[in-house]
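*Asks:* I'd like to ask you about the structure that follows.
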Ligand code: AHR
């Protein structure tokens, strides 16, 4: 059954509901110690008192974005910039071009500028402890959006808001298991992974693998990164097609890689969605259009419209309110028919 994600302002309004749902259901995501570290304690150690940051003075937020690798990312950037404007927050924005060192540089410059709050979507999961400690020592709270870090010390950030990527992979796997429940022969799957070391690549692979393990006929015969881009998706799919004669299914960790792969499949004289079944993640307009055209068979949604929730959370935090350690946003799924129906009202 398709569940439609809450969009724009609705996302903010529903945030508290989602938050409480996340707190209630995902206790094992939030280790007990982590949830005991209230956001307020980070805000209280800030150079500027919480009341001053939230009161007369305009909140200054430094946002270190991953890059502009996909349609999802562009929608996410737009949402953050628009919402900051709407919320009256002074946004300092940087694009790291998918490089961790650029994100670290940007965060350090926000620390130097003494912004009120830093938010970022970490390109990869590891290697953040040093710079996050620098922010903490400077009394600047950090909000993670979209992607997680694997830091053991969860006091280094206030909250992490975004989709549950493992669950997205599981949903993709569930669909495939159902499609091939009567299979009597092997089903050859190729996988286009997201950026190596990123949370969505790690988690979407894990969730999918967990589900398809239920049917030994479902076999991943090739798996490689396409770095979440259309160009790389096309290039890697070309190589997959060259090396493997019988590909039954493509699992792409995002729409852009699936769209690139579709070009390669068509160039090889095959019909995407028919000769090769395609599952992807995101649900951006181009992906939904391909699904509506029958070229992508199933999309698991990942909502990029995190801006309103981020701005509201920053305001709450700087007003001294506690934030939950994990805020899970709500996503849906789309078959081709459902994509056709949803397309006219799609915002991104
Ligand atoms: O982190 C979210 C992922 O990053 C999206 O699925 C992908 O399109 C993007 O580049």
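*Asks:* Restricting to strands (runs of 3 or more DSSP E) lying wholly in region 93-166: which have 2 or more residues that are within 13 Å of the ligand (Cβ to nearest atom)?
*Replies:* Ranges flagged: 142-145, 159-162.
*Asks:* Looking at (1) part of a loop (DSSP other than H, G, I, E, B); (2) within 25 Å of the chain's Cα centre (by Cα); (3) at pLDDT below 50, can you tell me which one residue 67 breaks?
*Replies:* (3)
*Asks:* Do we have residue 122 as modelled with pLDDT of 95 or more, more than 19 Å from the chain's Cα centre (by Cα) and either buried (at least 21 other Cβ atoms within 10 Å of the Cβ) or not assigned by TED's automatic domain parsing to the domain that holds residue 73 (or both) here?
*Replies:* It is false that residue 122 is modelled with pLDDT of 95 or more, more than 19 Å from the chain's Cα centre (by Cα) and either buried (at least 21 other Cβ atoms within 10 Å of the Cβ) or not assigned by TED's automatic domain parsing to the domain that holds residue 73 (or both).
*Asks:* Let me ask you something else. Residue by residue through region 167-208, note down the ones that are within 16 Å of the ligand (Cβ to nearest atom) and assigned to a loop (DSSP other than H, G, I, E, B).
*Replies:* 194, 195, 196, 197, 198
*Asks:* State which residue is nearest to the ligand (Cβ to nearest atom) when the search covers only region 220-243 and only residues that are in contact with a strand residue (DSSP E or B) (Cβ under 6 Å, 6 or more places away or on another chain) and more than 30 Å from residue 74 (Cα to Cα).
*Replies:* Ranking the qualifying residues of region 220-243, first place goes to 220.
*Asks:* Condition first: within 13 Å of the ligand (Cβ to nearest atom) and out of contact with any strand residue (DSSP E or B) (no Cβ under 9 Å at 6 or more places or on another chain). Now tell me which residues in region 251-283 satisfy that.
*Replies:* none
The values are calculated or read from the model by the stated rules, or taken from the named source; none is laboratory data. What you see is a predicted model; the values in this text were computed from it and never measured. Here the Cβ is made from the backbone with ideal geometry for all residues, glycine too, and neighbour counts use every protein chain on show.
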